[in-house]
Amino acid sequence: MKKKIIDIIPISTTHGVGEKRVLLNSQETSTPQIAVTRLKAGEMAKEHLHPTMEEFFLFQKGDAIMTVGEEQITCSSGDFISIPANTLHALKAITDIEIITIGCAVH
């Protein structure tokens, strides 16, 4: 399978902020989702958790603060963050950001 990111129609994220272009969804793979996600400066995905999914973030552009539990982590281009299943986390874009996000189901 080959896709061009520019040909994928952006959709809203499930957190109601930003947009994502889904590269793979649950109908195409056993991994729940791989997407390129963009948030504008000031947008925030409020604190939440995923009981049955690990999340991975690879920051491509911009600066953000990822809160994982009680820890605040400043993230920028080239940084990778791994969030275990059932872990509270939030994301705030300081500048416009672009992230590759991967969600993996845990059994």
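At a 1.4 Å probe radius, which order do Phe59, Phe80 fall into by accessible area, largest first?
On the way: Phe59 0, Phe80 125 Å².
Ranked list, largest accessible area first: Phe80, Phe59.
Ranked by accessible surface with a 1.4 Å probe, highest first, in what order do Arg38, Arg21 come?
Values: Arg38 80, Arg21 35 Å².
Ranked from most to least accessible, the order is Arg38, Arg21.
Given a 1.4 Å probe, how much area per residue of the chain is accessible, in Å²? Each step should come with its number before you reach the end.
Numbers: 6420 Å² over 107 residues.
Accessible area per residue, the chain: 60 Å².
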Cα-Cα over 25 Å, subset of Lys20/Lys61; Lys3/Lys61; Lys2/Lys92: Lys2/Lys92
Order of exposure, largest accessible area first, which applies to Glu43, Glu70 with probe 1.4 Å: Glu70, Glu43
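From the Cα gyration tensor of the stretch 1-63, with a ≥ b ≥ c the square roots of its eigenvalues, which class applies: rounded if a/c is under 1.5, or else prolate if a/b is larger than b/c, or else oblate? The partial results should precede the final answer.
On the way: a/c = 1.85, a/b = 1.17, b/c = 1.58.
The shape class here is oblate.
Using a 1.4 angstrom probe on heavy atoms only, work out the carbon and sulfur share of the accessible area of the chain in %. Walk me through the intermediate numbers first.
On the way: 3480 of 6420 Å².
For the chain, the apolar C and S fraction of the accessible surface comes to 54 percent.
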Charge dipole magnitude, Cβ of K and R +1, D and E -1 - the stretch 1-50, Cα centre, debye nearest 20: 200 debye
Residue-span extension gain [Lys46 to Ala90] - 0.36 nm each, minus C-alpha spacing: 15.3 nm
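The values are calculated or read from the model by the stated rules, or taken from the named source; none is laboratory data. Keep in mind that what you see is a predicted model, and the values were worked out from it rather than measured. Don't worry about glycine lacking a Cβ; one is built from the backbone with ideal geometry, like all the others, and counts go over all protein chains shown. Accessible surface areas use protein heavy atoms only, side chains included; no ligands, DNA or RNA. Shrake-Rupley method; radii C 1.70, N 1.55, O 1.52, S 1.80 Å.
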